[in-house]
Every structure is written in structure tokens, then in C-alpha cells.
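The structure appears below as C-alpha cells.
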Amino acid sequence: MTSAPASAMRSLDRAFDVLGVLEDTRQPLRLSDVARRADLHVATTQRILNVLLERGWAAKEDIGYVAGPAALSTAHAFLVNNRLSQVALPVLQELAASTGLTASLYVRVGLARVLIARVQGRNPLRYQLPIGEKLPLHLGAGKALAAWLPETETHTLIEQRTPFTRISGEQVTAEDLAADLHRIKQDGYALSLSERVLDVTAVSAPVHRAEHLLGALSVTGPSGEITETDHPRLIGEVRRAADAVAARCP
């Protein structure tokens with residue numbers, strides 16, 4: 001017989017699985033689609049969605065389900081109370097001013113990263129990236145977080161994400177990604193060229209406080225404006241900025 005606490009935890013896990021599906025989608029999903037992506041029975045998914053609808057974590061549109069407005073208040077509470085984003089903002093402002101590039105701060109959520117702070121450079125990027133956007137760990141600045149994953153989670157990331165093709169057309173195998181992450185951990189930074197967005201270069205570094213990985217700091221700009229001779233300077237500035245953020249955190 002399953003104990004009540006174990007049953008409650010399983011129900012909670014399932015609810016988060018459904019919520020995660022709604023967070024990741026960019027369009028309304030039918031009940032059957034939510035169930036399939038969450039790997040749950042349709043009836044179980046419907047019960048969970050009913051609770052999420054009642055609490056505002058899900059919303060029902062004519063053609064399907066989407067994430068609800070309750071997530072906004074939780075996100076606001078995080079931004080107001082999160083010490084990391086508060087201490088990082090002036091550092092990001094200085095970094096954007098000194099490099100002319102867009103400076104960003106990400107934190108890891110599972111096998112993804114979430115943008116929690118951003119300061120535009122002199123020439124804003126051609127695409128918008130709102131605070132709270134969830135992005136992959138295996139591309140771009142995400143690798144500055146992925147390189148410090150625990151071994152078991154690294155294996156899971158590589159197994160789930162490879163093989164894949166970068167936006168540049170470069171194909172990446174499991175061995176390629178493992179070697180890339182190993183090199184990043186040794187060097188202390190990640191340099192990304194047209195990985196997630198075409199003709200965009202990103203330099204990122206982890207924000208470490210003692211043995212804790214707090215986040216990843218990154219500068220991003222058009223590849224046409226960042227020459228190879230610029231890379232060493234940018235790498236140095238980003239690493240110093242990441243260390244400055246870490247030093248200001250309690």
C-alpha cells in the first residue's frame with residue numbers, strides 16, 4: 001500500500017509536470033497534448049488542470065490550455081526578493097557600457113536556464129528576450145551553467161539533448177557536447193558563435209560563490225561587430241564581472 005505522504009508527493013510531482021508543459025509551450029495545447037507531453041493519463045491530466053485553473057496557474061482558451069496569470073505574481077516576488085539579481089544589476093550596467101554589448105544574467109532551472117536580469121548595449125539585439133524567458137542549457141550562455149552540473153545531471157543533459165544541430169548548421173554529437181563542457185569548465189568561460197541565434201556571438205562565465213554555482217553572466221552581440229581579436233578582452237571583462245557579482249552576494 002502506498003503511504004499518504006508518498007502519494008501526495010507523486011501528485012505534486014505530476015502537477016509540476018503539467019505546469020512545466022504549459023510553461024514551455026508557445027501556443028494553447030489540447031488536453032490530449034498536455035497529457036502526452038506530461039506522460040500522464042488524460043483523466044489525471046484533466047484533474048490537475050482543473051486545480052490549476054481554479055488557482056490561476058492555468059487558463060483555458062477556445063483551442064486549448066495555456067499558463068495562467070498566477071505565475072506572474074510568483075515571478076514578481078522572485079525578482080523583488082532575489083538578492084542575486086539585485087546585486088548584479090549595477091555590474092550588468094557597467095559591463096554593457098564598457099563593452100557596448102547586451103549583458104544578461106541567467107540561473108539554472110532543471111535542465112534549462114532562465115533570464116533574470118538584462119541590460120541592453122549600445123546597439124540592441126534584433127530579437128527581444130523578456131525577463132523570465134526559459135532557454136536551453138546546451139546552447140550559448142547556457143553552457144556556462146551546464147559545465148558545472150553534477151555528473152549524473154550532465155549525463156542526463158547529454159543523453160536528452162544530443163545529437164542536435166546548432167543554428168549555424170553545425171551538428172553536435174554526445175561526444176562533442178561532453179568535450180565542449182569539459183573545456184568550458186577548465187577554461188572558466190564559454191564562447192558561443194551562432195549557436196542559438198544566427199550571427200550572434202556570446203561570451204559567458206559562471207557566477208560562483210564558494211562551492212555554489214549561483215548563475216551565469218553573459219554579453220551578447222552581432223558577430224559582425226565582434227572580431228576574433230575582441231574575444232580575449234571580452235572574456236576577461238565577463239569573468240571579472242561574474243566575480244564581482246559573486247563577491248557582492250551574501
Are any of the residues in the stretch 60-68 among the small types (Gly, Ala, Ser), touching a Phe, Trp or Tyr at 6+ places or on another chain (Cβ under 7 Å) and open to solvent by less than 20 Å² (accessible area, probe 1.4 Å)?
yes
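Just to be sure before I move on: is Leu139 surrounded by 17 or more Cβ atoms within 10 Å (Cβ to Cβ), modelled with pLDDT of 95 or more, more than 19 Å from Gln128 (Cα to Cα) and not polar (S, T, N, Q) in the structure I sent?
Spelling it out, it is not the case that Leu139 is surrounded by 17 or more Cβ atoms within 10 Å (Cβ to Cβ), modelled with pLDDT of 95 or more, more than 19 Å from Gln128 (Cα to Cα) and not polar (S, T, N, Q).
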Contacts under 9 angstrom Cβ, first residue in the stretch 25-40 being under 10 Å from Gly64 (Cβ atoms) and open to solvent by less than 40 Å² (accessible area, probe 1.4 Å), partner β-branched (Val, Ile, Thr) and not in a helix (DSSP H, G or I), 6 or more apart
Thr25/Val66; Pro28/Ile63; Pro28/Val66; Leu29/Ile63; Leu29/Val66; Asp33/Thr25; Val34/Thr25
For the stretch 127-144, what are the residues that are out of contact with any Asp or Glu (no Cβ under 6 Å at 6 or more places or on another chain), touching a residue at least 40 places away in the same chain (Cβ under 8 Å) and outside any helix (DSSP H, G or I)?
Tyr127, Ile131, Gly132, Lys134, Leu135, Pro136
Select from the stretch 115-126 the residues that are touching a Ser or Thr at 6+ places or on another chain (Cβ under 6 Å) and in contact (Cβ under 8 Å) with a residue 40 or more places away in the chain and write down the one among them that is surrounded by the fewest Cβ atoms within 10 Å (Cβ to Cβ).
Leu125
Please identify the pairs in which a residue from the stretch 68-95 that is touching a residue at least 40 places away in the same chain (Cβ under 8 Å) and within 25 Å of Thr220 (Cβ to Cβ) has its Cβ atom under 7 Å from the Cβ atom of a residue that is open to solvent by 20 Å² or more (accessible area, probe 1.4 Å) and among the charged types (D, E, K, R), counting only partners at least 6 apart or on another chain.
Val87/Arg248; Leu95/Glu237
For the stretch 94-114, give me the residue count where each residue is within 24 Å of Glu151 (Cα to Cα) and either open to solvent by less than 20 Å² (accessible area, probe 1.4 Å) or not in a loop (DSSP other than H, G, I, E, B) (or both).
8
Which of the residues spanning the stretch 218-246 are under 18 Å from Gly142 (Cβ atoms) and either open to solvent by 70 Å² or more (accessible area, probe 1.4 Å) or in contact with a Phe, Trp or Tyr (Cβ under 8 Å, 6 or more places away or on another chain) (or both)?
Ser218, Ile235, Val238, Arg239
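The values are calculated or read from the model by the stated rules, or taken from the named source; none is laboratory data. Predicted, not measured: the structure shown is a model, and the values here were computed from it. All Cβ positions, even for glycine, are placed from backbone atoms using ideal geometry, and neighbour counts span all protein chains on display. Accessible surface areas use protein heavy atoms only, side chains included; no ligands, DNA or RNA. Shrake-Rupley method; radii C 1.70, N 1.55, O 1.52, S 1.80 Å.
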